[in-house]
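Below is one structure, written out as structure tokens, with a few remarks after it.
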Amino acid sequence: MRTIYKPTGAAGEYGDYALNIYTGCPHNCFYCFAPNVLHKDRKEFHTNCEPRDNIVEETAHFLESSKFTDKLVHLCFTCDPYPTGYDSKATREIIKLLKKSGNHVQILTKGDGRRDFDLLDENDWYGITLDGSEGIAPKRAETLLEASQKGIRTWVSFEPVVNANTVLAQIGMVDAFVDKVKIGKLNYHKSDINWKEFGEAAETLCKELGVEYYIKDALRKEMNKGVISD
């Protein structure tokens with residue numbers, strides 16, 4: 001796997017560039033796509049979470065040998081930059097390197113990234129995942145509020161949506177201190193959610209609350225089913 005790369009497909013809807021720091025993720029989400037993408041055993045992926053070999057050194061070399069600057073780099077797609085229960089010093093070193101080279105970071109985590117808020121500024125994004133499976137998840141929302149209070153831009157990934165009603169409640173919970181939300185459906189797993197109804201309800205709610213939002217393509221397609229275009 002390359003160091004900094006351009007994601008494609010659905011991942012490309014989240015950012016132009018990305019960097020994956022760890023070999024696995026301890027959160028053990030049932031919908032995690034990473035083991036399949038990386039051709040890893042699912043149990044091994046969720047129990048073996050270490051920094052990728054030489055990832056800090058390779059990132060430093062890439063940034064020093066290229067003119068890669070003034071870009072927004074997403075951390076991370078195939079892992080969590082703050083794996084709960086594991087040392088995340090590698091994430092801090094990566095952020096330092098990216099900021100030193102004039103780049104910016106877009107963090108997405110189910111963990112706690114507050115230890116690195118001192119490295120971030122108004123050009124960076126701190127984001128959390130809320131999928132509706134864990135109720136309101138107040139502790140995670142607290143980190144988002146703290147980031148916002150420090151002047152860091154904030155966002156929430158409501159993808160994949162597991163519980164529609166809970167996600168709608170979560171949108172209402174974070175609207176006062178979030179700069180944008182991205183909303184996407186559950187893929188490759190059965191769900192009793194009416195995606196058209198949910199998508200329309202989520203979009204209406206975001207408009208009513210004045211929340212900047214993005215509906216991911218797969219969900220937008222469900223919302224557009226049966227719509228006759230001119």
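The values are calculated or read from the model by the stated rules, or taken from the named source; none is laboratory data. Bear in mind that the values here come from a model prediction, so they are computed numbers and not experimental data. Cβ coordinates were reconstructed from backbone atoms using ideal geometry, including for glycine residues, and neighbour counts include every protein chain displayed. Note: areas computed on protein heavy atoms with side chains; ligands, DNA, RNA excluded. Shrake-Rupley method; radii C 1.70, N 1.55, O 1.52, S 1.80 Å.
Look at (1) in a loop (DSSP other than H, G, I, E, B); (2) open to solvent by less than 80 Å² (accessible area, probe 1.4 Å) and you find that Lys67 fails only one, number (2).
Each residue in region 86-101 was checked for being within 23 Å of Phe45 (Cβ to Cβ), in contact with a Phe, Trp or Tyr (Cβ under 9 Å, 6 or more places away or on another chain) and either aliphatic (A, V, I, L, M) or open to solvent by less than 50 Å² (accessible area, probe 1.4 Å) (or both), and 3 pass. Within region 154-179, restricting attention to residues that are of a type in the set (Gly, Ala, Ser) and in a helix (DSSP H, G or I), the residue that is surrounded by the most Cβ atoms within 10 Å (Cβ to Cβ) is Ala164.
Provide a single number: the residues in region 4-42 that are open to solvent by less than 80 Å² (accessible area, probe 1.4 Å) and either closer than 21 Å to Tyr86 by Cα or aliphatic (A, V, I, L, M) (or both).
Residues of region 4-42 that are open to solvent by less than 80 Å² (accessible area, probe 1.4 Å), as a first pass: 4-5, 7, 9-15, 17-27, 29, 31-32, 34-35, 38, 40.
Applying the additional criterion that residues be either closer than 21 Å to Tyr86 by Cα or aliphatic (A, V, I, L, M) (or both) yields 4, 10-11, 18-27, 29, 32, 34-35, 38, 40.
Looking only at that region, the number is 19.
Filter region 43-55 down to residues that are free of Cβ contacts under 8 Å to residues at least 40 places away in the same chain, within 16 Å of Pro83 (Cα to Cα) and either in contact with a Cys (Cβ under 9 Å, 6 or more places away or on another chain) or not hydroxyl-bearing (Ser, Thr, Tyr) (or both), then give me how many there are. The total comes to 8. Exactly one residue among Tyr214, Tyr188 is modelled with pLDDT under 95 and hydroxyl-bearing (Ser, Thr, Tyr), and that residue is Tyr188. Of the set (1) out of contact with any Phe, Trp or Tyr (no Cβ under 8 Å at 6 or more places or on another chain); (2) under 26 Å from Asp118 (Cα atoms); (3) modelled with pLDDT of 95 or more; (4) assigned to a helix (DSSP H, G or I), all apply to Gly151 but (4). Could you check, for region 46-61, whether at least one of its residues is open to solvent by less than 20 Å² (accessible area, probe 1.4 Å), in contact with a Phe, Trp or Tyr (Cβ under 8 Å, 6 or more places away or on another chain) and among the acidic types (Asp, Glu)? No, every residue in region 46-61 fails to be open to solvent by less than 20 Å² (accessible area, probe 1.4 Å), in contact with a Phe, Trp or Tyr (Cβ under 8 Å, 6 or more places away or on another chain) and among the acidic types (Asp, Glu). Of everything in region 74-84 that's of a type in the set (A, V, I, L, M, F, W, C) and either over 11 Å from Ile4 (Cα atoms) or in contact with a helix residue (DSSP H, G or I) (Cβ under 6 Å, 6 or more places away or on another chain) (or both), which residue is most open to solvent (accessible area, probe 1.4 Å)? So, considering only residues that are of a type in the set (A, V, I, L, M, F, W, C) and either over 11 Å from Ile4 (Cα atoms) or in contact with a helix residue (DSSP H, G or I) (Cβ under 6 Å, 6 or more places away or on another chain) (or both), the one most open to solvent (accessible area, probe 1.4 Å) is Phe77.
No other residue among Ser101, Ser66 is of a type in the set (S, T, N, Q) and free of Cβ contacts under 8 Å to residues at least 24 places away in the same chain apart from Ser66. Contact map, region 107-121: residues that are farther than 11 Å from Ile152 by Cα paired with residues that are open to solvent by 40 Å² or more (accessible area, probe 1.4 Å) and among the β-branched types (Val, Ile, Thr), Cβ distance under 7 Å, separation 6+ or inter-chain. Pairs shown: Gly111/Thr84.
Taking the criterion of being open to solvent by 30 Å² or more (accessible area, probe 1.4 Å) and closer than 23 Å to Asp16 by Cβ, the residues of region 111-150 that qualify are Leu119, Asp121, Glu122, Asn123.
Residue-wise test of (1) open to solvent by less than 30 Å² (accessible area, probe 1.4 Å); (2) of a type in the set (A, V, I, L, M, F, W, C); (3) closer than 22 Å to Ile107 by Cα.
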{"site": "Val181", "(1), (2), (3)": "yes, yes, yes"}
{"site": "Gly184", "(1), (2), (3)": "yes, no, yes"}
{"site": "Asn187", "(1), (2), (3)": "no, no, no"}
{"site": "Thr204", "(1), (2), (3)": "no, no, no"}
{"site": "Leu209", "(1), (2), (3)": "no, yes, no"}
{"site": "Glu212", "(1), (2), (3)": "no, no, yes"}
{"site": "Ile215", "(1), (2), (3)": "yes, yes, yes"}
{"site": "Leu219", "(1), (2), (3)": "yes, yes, no"}
{"site": "Asn224", "(1), (2), (3)": "no, no, no"}
